[in-house]
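Structure first, then comments.
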Amino acid sequence: MNRRTFIQLTAASAAASTLLLRESAVAGSVYAAEMDLATPSLSETNEGEKYWESIREEFPIVHDQLYLNNGTMGPSPREVTERVTKRIQHVDSTGDYGGDHEAIKRAIAGVINAESADRIAYTHNVSEAISIVSSGIDMRVGDEVILTDQEHAGNAIPWLARKKRDGIEVKFVTLVPNDDELMQRFSDAITPRTRAISVPHLTCTTGQLLPIKRLSALAREKGVWLLADGAHPPGMLRTDVQELGVHAYASCGHKWLCGPKGVGFLYIAPDFQDHVIPTWAGGEVDKHWDYQGNLDFLDTASRYDFATQNFALYDGLLGAIQFMQKIGFEKIEKRIQHLTTMLRTGLQSISNGRFHFLTPATSVTGITTLKLDNKLSCQDFANELMGKHKVRTRVVHESGLNANRLSNHIYTSEADIQAFLDAVKDVLG
């Protein structure tokens, strides 16, 4: 199946996705609509692999490198990069820098099943989205926020900065793979001074899926705000913020959605927005302001958008979402899980006591983290994989784990998985 065939196969689904975005006030649950699209079924047959090989050709990743670090940076399909480039050229040649922001926010809302486009704010990344919340909620000296012991710096540092500035307390709960025990640890950590819980939906360290729905229910029961660092699930796992019950959800376009670098978004629940006062502000965040000192913020999450935005990047994110919709989010999730299962099964068969998994067996996502049990350091392991076999991975230093993280996406093939297994055998001896 060549590039032309792939485009023909997905043309009908692209039209369906566009219609869905136009006709739905929310963009809504896009997954149900995609189940009936006329694309080849996901299977381990030759035909199935040919389909995924055709999708691989849509990405510009060089063929002499095996890319297993999507959890850090998701390469964009060519059509997304071309879309951004054309939009920049249009702005530079015409001075027309505006665009259909409503359509973009509807598309984002559809990916995470937000109530409406009004619940979505533009950010440049997850860290910025978390900073909007961490700096905007009312917290005084001695008030507490609860995090985990496996945070990305983008979730930990904004709260630690608030501690340095305003004297709040930052508490860390140690993660365990058992959800019931984990829930008990969070329940025990909550005190009358606790104001917020800010945790990853899926950890960047081991790929552990946290019980966010249960944590949200606990937080609401205790009168505490729940913010989820959602850097990883959108584009990898179907995500429904309404079902999760979160007060806020921070995510980005440059990982599993394979969008442009430098775009992110923040979901704010309707009952939370008035509790997050914009810390940074500028043009277009207001309904009204005047020279008598009056200011009324917008009634939507757009109150957190401010100043001039690079619309080309957000338009590129819309293109990335549409690319994913052509394939189908349901199909993407199954493909990632299929490759992850193949990867873990293969690794288990060659382990021989040389490494073990840090990722819980119940978290079958696009992330797998290994802990070496022999004398080779995690950094040396990553360096040899890259130097000898051109396999790009990520070292996990957070929380002193000193492990190796692998993250596969839809451009990864079964042959890539086998090539990686061969490389591991060679490096470990």
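A short reminder: the numbers here are calculations on the coordinates, not readings from a lab. Given the structure is predicted, the values throughout are model-derived calculations rather than measurements. Here the Cβ is made from the backbone with ideal geometry for all residues, glycine too, and neighbour counts use every protein chain on show.
Counting only other residues whose beta carbon sits under 15 Å from that of Cys378, what net charge do I get with K and R as +1, D and E as -1?
Net charge around Cys378: +2.
Pop out the ³J(HN,Hα) list for the range 195-212 in order, Karplus 6.51 cos²θ - 1.76 cosθ + 1.60 with θ = phi - 60°, rounded to Hz; leave Gly and Pro as x.
In residue order, the calculated couplings are 10, 8, 10, 10, 9, x, 5, 9, 5, 6, 7, 10, x, 6, 7, 7, x, 4 Hz.
Work out the FRET efficiency for Asp296 and Asp180 from their Cβ-Cβ distance, taking R0 = 45 Å, and round it to the nearest 0.05.
0.45
Please list, ordered by chain and number, the residues whose modelled amide H lies under 5 Å from the amide H of Thr148; skip anything fewer than 5 residues away on the same chain.
Distant-sequence amide H within range of Thr148: Val173.
Apply the Karplus parameterisation 6.51 cos²θ - 1.76 cosθ + 1.60, with θ equal to phi minus 60°, to every residue of the range 382-393 and state each ³J(HN,Hα) to the nearest whole Hz, in sequence, with x for glycine and proline.
Calculated HN-Hα couplings, in order: 5, 5, 6, 4, 6, x, 8, 10, 6, 10, 9, 10 Hz.
Could you compute the net charge surrounding Val224? Neighbours are other residues with a C-beta less than 14 Å from the C-beta of Val224; K and R count +1, D and E count -1.
Details: positive: Lys171, Arg193, Arg195, Arg214, Arg220, Lys222; negative: Asp138, Asp143, Glu144, Glu169, Asp188, Glu221, Asp271.
Combined, the nearby Lys, Arg, Asp and Glu give -1.
Between the range 333-369 and the range 230-292, what is the C-alpha centre distance in whole Å?
Their Cα centres are 31 Å away from one another.
Round to the nearest 0.05 the FRET efficiency obtained for Gln418 and Ser351 when R0 = 22 Å and r is the Cβ-Cβ distance.
On the way: r = 16 Å, r/R0 = 0.73.
Efficiency, from the Cβ-Cβ distance: 0.85.
Work from the charge dipole of the range 101-324 (Cβ charges, +1 for Lys and Arg, -1 for Asp and Glu, about the Cα centre) and give the residue of Gly316, Gly245, Ser127 farthest towards its positive end.
The residue sitting most towards the positive pole is Ser127.
Out of residues 5 or more away from Arg394 or on other chains, whose amide H comes under 5 Å of its own, with H placed 1.01 Å from N in the peptide plane?
Correct list: Arg405.
What is the gain in length, in nm to one decimal, between Thr85 and Ile61 on full extension, counting 0.36 nm per residue of separation less the C-alpha to C-alpha distance?
Between Thr85 and Ile61, full extension yields 6.8 nm more.
Would you mind getting me the FRET efficiency between Ala307 and Thr362? Use the beta-carbon distance for r and R0 = 41 Å, nearest 0.05.
Once the sixth-power term is evaluated, E becomes 0.40.
Taking amide hydrogens as modeled 1.01 Å from N in the peptide plane, which residues meet the under 5 Å criterion relative to Ile120, leaving out close sequence neighbours?
The answer is Ala301.
What list of ³J(HN,Hα) couplings, whole Hz, do you get for the range 254-262 from phi and the Karplus terms 6.51, -1.76, 1.60, once you set θ to phi - 60° and write x for glycine and proline?
Residue by residue, the range 254-262 yields 8, 9, 7, 7, 6, x, x, 7, x Hz.
With each pseudo-label sitting 7 Å past Cα toward Cβ, what's the Arg193-Asp138 distance in nm, one decimal?
1.9 nm
When the convex hull of the C-alpha atoms of the range 110-167 is computed, what volume per residue in Å³ does it have? Intermediate values should be presented prior to the final figure.
On the way: hull volume 6.9 nm³, N = 58.
Considering the Cα atoms of the range 110-167, their hull volume per residue is 118 Å³.
Calculated from DSSP H runs of 4 or more alone, at -39500 (n - 2.57) each and per residue, what is the 222 nm mean residue ellipticity of the chain, nearest 500?
Rounded to the nearest 500, the figure is -13500 deg cm²/dmol.
Place a point 7 Å from the Cα of Arg78 along the Cα-to-Cβ direction; which residues of the range 287-321 have their backbone N under 17 Å from it?
320
If neighbour count is taken as other Cβ atoms inside 10 Å, put Tyr291, Tyr67, Tyr304 in order from fewest to most.
Final ranking by Cβ density, sparse to dense: Tyr291, Tyr67, Tyr304.
Could you tally the net charge around Lys287, taking each other residue with its Cβ under 10 Å from the Cβ of Lys287, Lys/Arg +1 and Asp/Glu -1?
Computed value for this residue: -2.
Going highest first, how would you order 204-212, 105-113 by mean Cβ packing within 10 Å?
On the way: 204-212: 23.1, 105-113: 24.8.
In descending order of packing, they fall as 105-113, 204-212.
Going 7 Å from the Cα of Lys213 along its beta-carbon direction, which residues of the range 318-351 have the amide nitrogen within less than 19 Å of the resulting point?
Output list for this probe position: 330, 333-334.
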